[in-house]
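Heads up: the structure comes next, in structure tokens.
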Amino acid sequence: MFDTEIPVLDMFIRLLAAAGLALVLGLEREFRGKAAGLRSHMLVSLGASAFIIMGMHILFATAEGDPSASIDPTRIVEGVIGGIGFLGAGSIIQSRGNIQGITTGASIWMAGAIGVACGLGIFALAGMVTLMALIIMSVLGRFQHEVINGD
């Protein structure tokens, strides 16, 4: 038998971790003066985590009751990520052949992944994703501008 309810403190920790880890990515975007910064990343991650926690609650509730009533938890993840992809796409701007905002769109998508991992309680994965995304966004961003683009 498994626990059918996530304790309130555990929910709070998951939500706090989602917002806190996304804060790191949002700060990087904020320092670069991008429109989607600190609050946007934190809200996306927090929302993703909340939707996953709600989905788990529904899954546990249906598992206890009517055996014919069940949900597919992968559909919850699919819906969350699809919605976040829509937000990320909205941050991409094309103007006269110049495309801007792709990295910000990708970082919003990563904030969603971090939120999903935190909502599921997989904090090690969430931390590794945050660290790797930050390295890609900051260290490789500088390398790209200095070495490849010659700025």
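The values are calculated or read from the model by the stated rules, or taken from the named source; none is laboratory data. As the structure is a prediction and not an experimental result, all values here were calculated from the model. Quick reminder, even Gly has a Cβ in these numbers, built from the backbone with ideal geometry, and neighbours come from all protein chains shown.
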Among the residues in the stretch 29-39, are any within 21 Å of Val80 (Cα to Cα), in a helix (DSSP H, G or I), of a type in the set (Gly, Ala, Ser) and under 14 Å from the mean Cα position of the chain (by Cα)? no
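Against the condition part of a helix (DSSP H, G or I), within 24 Å of Phe12 (Cβ to Cβ) and at pLDDT 85 or above, how does Val77 come out, does it pass?
For Val77, the condition - part of a helix (DSSP H, G or I), within 24 Å of Phe12 (Cβ to Cβ) and at pLDDT 85 or above - is met.
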Which pairs have Cβ atoms under 8 Å, sit 6 or more apart or on different chains, and link a residue in the stretch 121-135 that is on the phi < 0 side of the Ramachandran plot to one that is among the acidic types (Asp, Glu)? Leu134/Glu28
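Can Ala133 be described as at pLDDT 85 or above and surrounded by 14 or more Cβ atoms within 10 Å (Cβ to Cβ)?
Details: at pLDDT 85 or above: yes; surrounded by 14 or more Cβ atoms within 10 Å (Cβ to Cβ): yes.
So Ala133 fits the description; yes.
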Is there any pair linking a residue in the stretch 136-151 that is within 11 Å of Arg32 (Cβ to Cβ) and among the hydroxyl-bearing types (Ser, Thr, Tyr) to one that is assigned to a helix (DSSP H, G or I) and modelled with pLDDT of 75 or more, with Cβ under 9 Å and at least six apart or on different chains, and which? Ser138/Glu28; Ser138/Phe31
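Can you tell me which residue among Val116, Val24, Val129 is in a helix (DSSP H, G or I), touching a Phe, Trp or Tyr at 6+ places or on another chain (Cβ under 9 Å) and of a type in the set (Val, Ile, Thr)? Don't jump to the end; show me each part of the working.
Details: Val24 fails: touching a Phe, Trp or Tyr at 6+ places or on another chain (Cβ under 9 Å); Val129 fails: touching a Phe, Trp or Tyr at 6+ places or on another chain (Cβ under 9 Å).
Result: Val116 is the single residue among Val116, Val24, Val129 that is in a helix (DSSP H, G or I), touching a Phe, Trp or Tyr at 6+ places or on another chain (Cβ under 9 Å) and of a type in the set (Val, Ile, Thr).
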Six or more apart or on different chains, Cβ atoms under 7 Å: show the pairs whose first residue is in the stretch 29-43 and touching a residue at least 60 places away in the same chain (Cβ under 8 Å) and whose second is part of a loop (DSSP other than H, G, I, E, B). Arg29/Ala36; Arg29/Gly37; Ala35/Ser91; Ala36/Ser91
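Going through Ala124, Ala117 one at a time, which residue ends up being of a type in the set (Gly, Ala, Ser), at pLDDT 95 or above, in contact with a Leu (Cβ under 6 Å, 6 or more places away or on another chain) and farther than 17 Å from Phe31 by Cα?
Ala117
Residues checked against (1) touching a His at 6+ places or on another chain (Cβ under 9 Å); (2) modelled with pLDDT under 85; (3) surrounded by 13 or more Cβ atoms within 10 Å (Cβ to Cβ):
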| site | (1), (2), (3) |
| --- | --- |
| Phe31 | no, no, no |
| Ala36 | no, yes, yes |
| Ala89 | no, yes, yes |
| Gln94 | no, yes, no |
Name the single residue, out of those in the stretch 1-23 being at pLDDT below 95 and touching a helix residue (DSSP H, G or I) at 6+ places or on another chain (Cβ under 7 Å), that is farthest from Ala133 (Cα to Cα). Thr4
